[in-house]
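What follows is a single structure, written as structure tokens, with notes after it.
The values are calculated or read from the model by the stated rules, or taken from the named source; none is laboratory data. These figures come from a predicted structure and were not determined experimentally. Positions of Cβ are generated from backbone atoms using ideal geometry, with glycine treated the same way; all protein chains shown enter the neighbour counts. Each accessible area value is taken on the protein alone, full model and side chains, heavy atoms only, with ligands, DNA and RNA left out. Shrake-Rupley method; radii C 1.70, N 1.55, O 1.52, S 1.80 Å.
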Amino acid sequence: MRRLFLIAFLLLPATLFSSEFSSLDSAAIQKAVEQFPDSVQEELFSSLADAAGNWNELLDGILLLPDTLQDDAIWLINRMPHLDRLEITHSILAEHIIYSHRIKRIAPYPIPDSLFRRYILTYRIYEEPIEGWRKPLFERFSPILKEKKSIREVAKYVNEFIADSVKEGKSGFFSGMKSPLLVLKSHRGTKAETSLLATAILKTLGIPARRVYNRYFGEEKNGASWVEIFDGKGWIPVYLDNPSMFGNFTRFEQKHPHNITFAVARGGFTMENVT
């Protein structure tokens, strides 16, 4: 019996692998992408093929949107990581695109086109679970735009809300990273999870946002992380645990005489040196 169980266990991954690619029909994918402009067909074909059996879900994520939003769906699909292509649903994809454009229409401040896709449209912030957080966060926080009219006012509100509402928690050894909505619901999260929620809220409100961190300060081994927003003129820091230091670039210099040696920002799918 044990031998049969072992054989079945060893054969299981191969069976799943075969099943995963059983729905991968290259001819069908090629025919599907031919309805789009020639300039995007080659890259889109590669992305859909990379999604294996989930390629139809991604295709629906494009076709079920209005024509004016389909370019954004194609942009996201072409840039999302492999594992995201395997599990994202068309409804989650559509939610992030639709609500990104909704806030673009109603925000009382301009949203630069050059920053829209990378720092607002992207659903991915770090390594959190894929989730449709845009709609519930929009419904919860967009009413503040009736009172707060500038990016700095809105960002300060979010900064203070996080500081007052979310307590720091510890991550279990085997536990995964919480989603932004779970952090909001539980009022507890690690520093990384709290920054995910803050970034998600800011993006939902049409404020370009990114998570920034560095591994160490000069010769000192401890590092730090913070959130940055684009206020219309440049990127400024937001410290979730200390709202009074909003926009202060010297916070860490005061405690670390060797200053920041290397800082990295992540806005969605890419990382960049912002030292």
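Name the residues in the range 37-54 that are open to solvent by less than 70 Å² (accessible area, probe 1.4 Å) and not in a helix (DSSP H, G or I), would you? Within the range 37-54, 51 is the sole residue that qualifies.
Before we move on, is residue 163 part of a helix (DSSP H, G or I), surrounded by 14 or more Cβ atoms within 10 Å (Cβ to Cβ) and in contact with a strand residue (DSSP E or B) (Cβ under 7 Å, 6 or more places away or on another chain)? Answer is no for this residue. Note on the range 168-185: among residues that are open to solvent by less than 60 Å² (accessible area, probe 1.4 Å) and over 20 Å from the mean Cα position of the chain (by Cα), the one that is modelled with the lowest pLDDT is 172.
Of these, 99, 126, which one is in contact with a strand residue (DSSP E or B) (Cβ under 7 Å, 6 or more places away or on another chain) and either in a helix (DSSP H, G or I) or within 23 Å of residue 193 (Cα to Cα) (or both)? Step by step, each of 99, 126 is checked, and only 126 is in contact with a strand residue (DSSP E or B) (Cβ under 7 Å, 6 or more places away or on another chain) and either in a helix (DSSP H, G or I) or within 23 Å of residue 193 (Cα to Cα) (or both). Considering the range 55-97, the residues that are open to solvent by 10 Å² or more (accessible area, probe 1.4 Å) and acidic (Asp, Glu) include one that is farthest from residue 43 (Cα to Cα), namely 95. When the residues of the range 195-240 are filtered to those that are among the basic types (Lys, Arg), closer than 26 Å to residue 100 by Cβ and open to solvent by 10 Å² or more (accessible area, probe 1.4 Å), which remaining residue is modelled with the lowest pLDDT? Here the answer is 211.
Among the conditions (1) surrounded by 15 or more Cβ atoms within 10 Å (Cβ to Cβ); (2) in a helix (DSSP H, G or I); (3) charged (D, E, K, R), the only one that residue 139 does not satisfy is (1).
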